[in-house]
Amino acid sequence: MAIEAGCARAVYAADPGRSRGRLHAEPPSATRNAFRRDCDRVIHATAFRRLQYKTQVFVFHEGDHYRTRLTHSLEVAQIARALARALGLDEDLSEALALAHDLGHPPFGHAGERALAGCMGKHGGFDHNAQTLRIVTELERRYPDFDGLNLTWETLEGIVKHNGPLTGRDGSPAGRYREDGLPEGIRLYGAVQDLDLWSYPSAEAQVAAIADDIAYDAHDIDDGLRAALFSVDDIAAVPLAGGIITTIRSQYPRLETERLVHELVRRLIGQMIEDVIAETRRRLAQTALRSADDVRRAGQTLVGFSPAMAEADAAIKGFLYPRMYRHSRIARIMVEAEGVVRDLFERYRSKPSDLPSEWAAGAGGGQVSMRKIADFIAGMTDRYALIEHARLFPETPELR
């Protein structure tokens, strides 16, 4: 299936010329449409640069060839653009959402998020998706007329609900927020700008979400093999990957392992992209969509894997979870990383003067808000978190 040629803009694609606009009115650009400007603003954001030294699975100093949050985001953006192009969607919006989707992750990946969520349990909680929203609407301070990046409504909507509706039509929390309620950052922002949390996101946001899944499967296999957490023969037992490996070996019997792995990753991404395109076209053919808003009101996700590929995706994740994410070496490092985050939070809570002056400003009576502490820690890179810990404590784990 040829996917590079793409197709004409679909009637249900997001249209930058018909955007719902920005919270703060700005004159249009003479050279870039609204979604291209959003994408460029994300790329130039301080939070985006910090992703270079934020953990994906491996801590930054374990090797130069492992994925970071930055390289992961770039790979997601490439896949999202390929999908958007083939489906006639807006590539700039898909790219903006792909590049922004991990901005809110704290240092040390999910371990850092678990630690911050525990520290903030009685203070509004911590959720990386809500933190991304805080970054692009408040914490980035680059412009004289407003805080944040002043992104379009469509980009903010896609950031918040790329995985589906967050509430029911009546406003009650839904999905993974059903039990604990909406994260504080999302709930508070809803009083400023209504992002229609009850509806599905645009097709472009759905593309960014599935691109994230594809990138995770492919690069975690690559990184896990590079780190010797499992072997090529181990992953060959997983149906989709195994079929690809068998084909490669039959075509190139003497191919060295390094090239085989690269070819496995390349073909895996290609097959998953082609499957999403075919399945999405099938779903769209069963609808009568005439606009981007029809996508939001469709009542279901329209961009996704076929049942067979969804099963293959689940099998890959089922393989990786115990062998990589729960591998004893990784688990030990992540436990120590959680301790670093907890130590920093408690230190800043009990001694706000240890915060940089701009973060400790306004701490009346020596107090600083727990949210401000969480914002500061969430913005740290792995490297900076370890440097700060070493500055404030007599012993700091090496995380190796």
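The values are calculated or read from the model by the stated rules, or taken from the named source; none is laboratory data. Remember, it's a predicted structure, so these values are computed and weren't measured experimentally. Using ideal geometry, Cβ is built from the backbone for each residue, glycine included, and neighbour counts are taken over all protein chains shown. Calculation scope for accessible area: heavy atoms of the full protein, side chains included, ligands and nucleic acids excluded. Shrake-Rupley method; radii C 1.70, N 1.55, O 1.52, S 1.80 Å.
Per residue, the average separation of C-alpha pairs within less than 8 Å and at least 6 apart gives the chain a relative contact order of 21 percent.
Heavy-atom accessible area of Tyr66 with all protein chains present, probe 1.4 Å, nearest 10 Å²? Only protein atoms counted, so the area is about 40 Å². The residues neighbouring Phe345, those whose beta-carbon lies less than 14 Å from its own, together hold a net charge of +1 under the Lys/Arg +1, Asp/Glu -1 convention. The structure shown yields semi-axes √(5λ) of the Cα gyration tensor in Å, and of the options (1) 31, 26, 23; (2) 34, 30, 18; (3) 38, 22, 19 that calculated value carries the label (2).
Mean separation of Cα pairs under 8 Å and 6+ residues apart, divided by the residue count of the range 166-213: what relative contact order is that in percent? In percent, rounded to a whole number, it is 36. Set the Förster distance to 25 Å, then compute FRET efficiency between His262 and Arg283 from the Cβ-Cβ distance, nearest 0.05. In this case the efficiency is close to 0.20. Heavy-atom surface analysis with a 1.4 Å probe gives the chain a carbon and sulfur content of 50 percent of its accessible area. Net length available on complete extension from Val11 to Gln251 is 82.2 nm, with 0.36 nm assigned per residue and the Cα-Cα distance removed.
Counting only heavy atoms of the protein chains and using a 1.4 Å probe, Leu188 has close to 100 Å² of accessible surface.
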